[in-house]
Amino acid sequence: MAPRYHQLPCTPTLVFYDGECATCHFVVKFLLRRSQRERFRFIALQSVAGTELEATIRKNLKLDLTSSLIVWKNGELWARAAAVSAIVSELGWPWKFLLLFRLLPLGLCDFFYDLYASRRYKIAGRARDKDICAVLPREQRALFPADLSLASPLFQPRPEVFLSAQWHHLILVNFEVPAHILQEFLPYGVEVDSWNNQTLVSLVGFSFAGTSVKGMTLPWAADFEEVNLRFYVKRRVQEQGAWVERRAVVFVREIVPFTIIAATANLFYGERYRSLTMNHEAHHLENQKKVAYHWADQNGSCSIEAMLNGEPKPLEEGSLAEFITEHYFGYAKKGREASTEYQVEHPR
């Protein structure tokens with residue numbers, strides 16, 4: 001298998017830094033010298049002062065922006081020591097060994113971070129060139145975006161979130177099947193859902209990128225392909241005194257290229273993962289774009305591919321596309337009278 005780091009599409013991590021701080025300039029220049037620099041975009045905090053972006057960051061973090069390094073990653077904002085960890089996790093070895101400091105309580109790490117941050121001008125002074133772009137090569141200036149609008153999603157802070165990642169290049173191929181053939185895969189407490197009286201299964205291929213735990217990118221298996229076969233279920237639950245239907249998915253099979261990913265998901269979530277040799281394609285052909293995923297075992301190879309053209313369109317209410325994509329829960333079997341439920345948050 002070819003190395004996947006930097007091979008799959010990935011929205012860059014945004015690093016907000018103090019444009020007047022010599023220490024921050026040193027950190028930015030250090031990152032620019034690394035081969036992983038394309039995974040970052042750099043924005044001086046002074047340039048967002050008074051903007052809607054600053055208001056959004058303040059609302060989510062509730063801290064003094066002038067004394068903290070801030071990182072946007074996979075729709076989440078991280079500050080202080082957690083932001084440092086999020087950056088270091090994107091680097092190669094031996095820098096990843098610095099993540100061992102996260103074994104310490106985060107409050108203790110923030111204490112030492114704040115201790116240095118409050119004295120950073122006395123220790124390292126102020127930056128000589130406040131406009132760092134002026135002294136950089138042209139190709140590195142492109143890593144300092146002029147458009148300061150946060151087009152990417154920003155989720156509300158929730159400490160119970162375990163994993164975050166990016167999904168790119170999704171292909172969903174849908175088939176109608178008899179409902180009874182899904183009964184053996186149905187977890188306890190849910191029932192098969194349908195769209196326009198059709199029971200559907202979907203073959204889904206997509207790229208997983210920037211997979212992170214608590215803001216820290218996984219060191220060996222952050223970027224990978226996945227192909228899965230899934231169907232749709234619903235469960236009646238009581239929320240705030242009212243009964244509602246929770247629409248969800250159940251996976252028949254999930255295929256990834258890394259054994260550690262498959263084993264972890266099967267162990268903790270009761271899923272049906274399998275690791276196989278995988279590859280992908282994504283390239284432009286005249287006015288179209290081709291996206292394909294391939295997987296193989298000792299019995300042969302399979303693939304799913306699509307040709308894309310035109311522009312993305314908003315989801316239509318009640319459409320097949322809305323039914324297929326708008327699910328925020330998953331269920332897996334956990335014995336005869338128990339199921340595992342997990343929640344997924346993603347943009348519409």
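Simple rule: put +1 on each Lys or Arg Cβ and -1 on each Asp or Glu Cβ in segment 1-119, find the dipole, and look at 55, 99, 68; the Cα lying farthest toward the positive end is 99. Need the C-alpha centroid separation for segment 158-173 versus segment 22-82, integer Å. About 22 Å separates the Cα centre of segment 158-173 from the one of segment 22-82.
Indicate the gyration tensor shape class of segment 242-348 (rounded, prolate or oblate), computed on the Cα atoms with a ≥ b ≥ c the square roots of the eigenvalues: a/c under 1.5 is rounded; otherwise a/b larger than b/c is prolate and the rest oblate. Cα axes put segment 242-348 in the oblate bin. Rounded to two decimals, the Cα radius of gyration of segment 70-146 over 2.2 N^0.38 Å is 1.32.
Springs between alpha-carbon pairs under 10 angstrom, Gaussian network model over the chain: which of 313, 96, 73 fluctuates most? The residue with the greatest mean-square fluctuation here is 313. With the Cα gyration tensor of the chain giving a ≥ b ≥ c as the square roots of its eigenvalues, does the rule (a/c under 1.5 for rounded; else a/b larger than b/c for prolate; else oblate) give rounded, prolate or oblate? Prolate, since a/c reaches 1.5 and a/b exceeds b/c. Placing dummy labels 7 Å off each Cα toward the beta-carbon, the span from residue 35 to residue 191 is 5.6 nm.
Please work out whether segment 116-225 counts as rounded, prolate or oblate from its C-alpha gyration tensor, where a ≥ b ≥ c are the square roots of the eigenvalues and a/c under 1.5 means rounded, while otherwise a/b larger than b/c means prolate and anything else oblate? It comes out prolate by the Cα gyration axes. Per residue, the accessible area of the chain comes to 57 Å², computed with a 1.4 Å probe over protein heavy atoms only.
Partners of residue 62 within straight-line reach, counting aspartates and glutamates whose Cα lies under 16 Å from its Cα and excluding those fewer than 8 residues away in the same chain: 52, 54, 76, 110, 114.
Computed extension gain for residue 303 through residue 334, at 0.36 nm per residue and net of the alpha carbon distance, reaches 8.1 nm.
Quote the FRET efficiency, to the nearest 0.05, computed for residue 179 versus residue 156 with a Förster distance R0 of 45 Å and r equal to the Cβ-Cβ distance. Result of the calculation: an efficiency of 0.80. Rolling a 1.4 Å probe over the protein heavy atoms of the chain, with every protein chain left in place, gives an accessible area that is 56 percent carbon and sulfur. Multiplying the residue separation of residue 52 and residue 213 by 0.36 nm and subtracting their alpha-carbon distance yields 55.1 nm. Stretched out straight at 0.36 nm per residue, the stretch from residue 320 to residue 106 would grow longer than its current Cα-Cα span by 72.6 nm. Ranked by the mean number of other Cβ atoms within 10 Å per residue, highest first, peptides 271-281, 236-246 order as 271-281, 236-246. Mind telling me which of 55, 332, 292 comes out most flexible in a GNM of the chain, alpha-carbon contacts under 10 Å? Result for the chain, Cα springs under 10 Å: 55 fluctuates most. Pairs exceeding 31 Å between alpha-carbon atoms, taken from 96/290; 96/289; 59/290; 73/289; 96/234: 96/290; 96/289; 59/290; 96/234.
Across the protein chains, with a 1.4 Å probe defining accessible surface, the residues 315, 115, 186 rank 115, 315, 186 from largest area downward. Straight Cα distances below 18 angstrom link residue 333 to the aspartates and glutamates 184, 191, 193, 254, 271, 341, with same-chain residues fewer than 8 positions distant left out.
The values are calculated or read from the model by the stated rules, or taken from the named source; none is laboratory data. Just so we're clear, the structure is a prediction, and the values are computed from it rather than from any experiment. Because the Cβ atoms are built from the backbone with ideal geometry, glycine has one as well, and the counts that use them run over all protein chains shown. We work out accessible area using only protein heavy atoms, side chains counted, and drop any ligands, DNA or RNA first. Shrake-Rupley method; radii C 1.70, N 1.55, O 1.52, S 1.80 Å.
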